[in-house]
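Sharing a structure here in structure tokens format.
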Amino acid sequence: MKSRIISLPLAAIFFLFAVLSITSCQKEQSQNGSEEEQEMEASRVSSEADGESEIVFNGVFDDVMGVNDEVGVGGTGIFGRVTACPDVTIDRLNPPAPFPVRITLDFGTGCVGRDGHFRKGKIVTVYTGRLIVPGSVATTEFVGFYFDSISVQGVHKITNTSSPVANVPPARQFKAEVINGKLTKPNGNFTEWNSTKIITQMEGLATVSPLDDIFKIEGSARGRVKRGNLLTIWESNIIEPLVKRFNCRWIVRGKIRIVRANATANSPWIAVLDFGSGNCDNQATITINGRTHQITLP
């Protein structure tokens, strides 16, 4: 069975995210500047790539949860913040059973949402059950999808890891994974990213509306980034839980520690990405070797 809904009001498609990690002993490459400048640049670029990935992929969680209250909670992510643009196609994969179900968001040749970001292509998610039910899984892939000029690739997977034991209010927890994620820019620069995070709901459990939902995010990731002549790999860990409110498209609080490949235990070239003290904005800071830089998130 297949139904098609045209031009639903949808919103900010990604936010998200990047907590990246290192697994090899690859060496950073750069052709310009002193050794200290190269170290600073590699740390800065790694941190910015980590933050950009966190924003882009973390927003997928909102979007997948927000399609409707049949598969999630409805009204979150792009379904609460963007003007009409994508076509939504719902395919029952084992009719008449409601699940599994495949939902496709098709942005076509593109549109600009209220947040000012351009999106085109498709986001395709298969749900095994309603995501608020323990054990349910949603697996998302991207088909020719672009966020602004950035090509988005990879697999995003959400698993409800909440305890099936009834609680009042019920506890709610999810495992969010990005597998072989990649963000590619028109000039050939890219970020590759794999992450595993635990997302726990802290507030809003006693109400039906998602607007008062607040989550904390913990976990780690690994990645590789290319910026011009620079190629570096790194790992990152959340050292202060990230705080995500459903009524804000950015992470509002929390810190990530980013370490590059080959860094010694006492290396000064360790970066801390700080998302702020609770304000809903796109500003964050990166501190490297005692020097703090302000950055703007997508």
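Express the relative contact order of segment 83-202 as a whole percentage, based on alpha carbon pairs under 8 Å and six or more residues apart in sequence.
Result for segment 83-202 is 16 percent.
Still on this structure, please answer the following. Order these by the 10 Å Cβ neighbour count, fewest first: Asp87, Asp63. Let's see the in-between values first.
Details: Asp87 17, Asp63 26.
Sorted ascending by nearby Cβ count, the order is Asp87, Asp63.
From the cross-link list Lys185/Lys216; Lys122/Lys157; Lys157/Lys255; Lys185/Lys244; Lys157/Lys226, which pairs have alpha carbons spaced over 19 Å apart?
Details: Lys185/Lys216 30 Å; Lys122/Lys157 16 Å; Lys157/Lys255 23 Å; Lys185/Lys244 26 Å; Lys157/Lys226 25 Å.
Pairs exceeding 19 Å: Lys185/Lys216; Lys157/Lys255; Lys185/Lys244; Lys157/Lys226.
Turning to a different aspect of this structure: In percent, how large is the relative contact order of segment 245-298, given Cα pairs closer than 8 Å and 6 or more residues apart?
Worked out over segment 245-298, it gives 30 percent.
Same structure again: About the Cα centre of segment 92-230, how large is the charge dipole given +1 on each Lys and Arg Cβ and -1 on each Asp and Glu Cβ? Please answer in debye to the nearest 20.
Dipole magnitude for segment 92-230 comes out near 460 debye.
Hey, another quick one. So for Arg92, Arg257, fewest C-beta neighbours within 10 Å to most, what's the order? Each step should come with its number before you reach the end.
Numbers: Arg92 15, Arg257 18.
Going from least to most buried by this count: Arg92, Arg257.
Please rank Cys280, Cys111, Cys85, fewest neighbouring Cβ atoms within 10 Å first, as an exposure proxy.
Cys280, Cys111, Cys85
Any read-out appearing in this document is the output of simple, stated calculations on the displayed coordinates, not a laboratory observation. Fair warning: this is a prediction, and the values are worked out from it, not measured in the lab. Cβ: placed from backbone, ideal geometry, glycine included. Neighbour counts: every protein chain shown.
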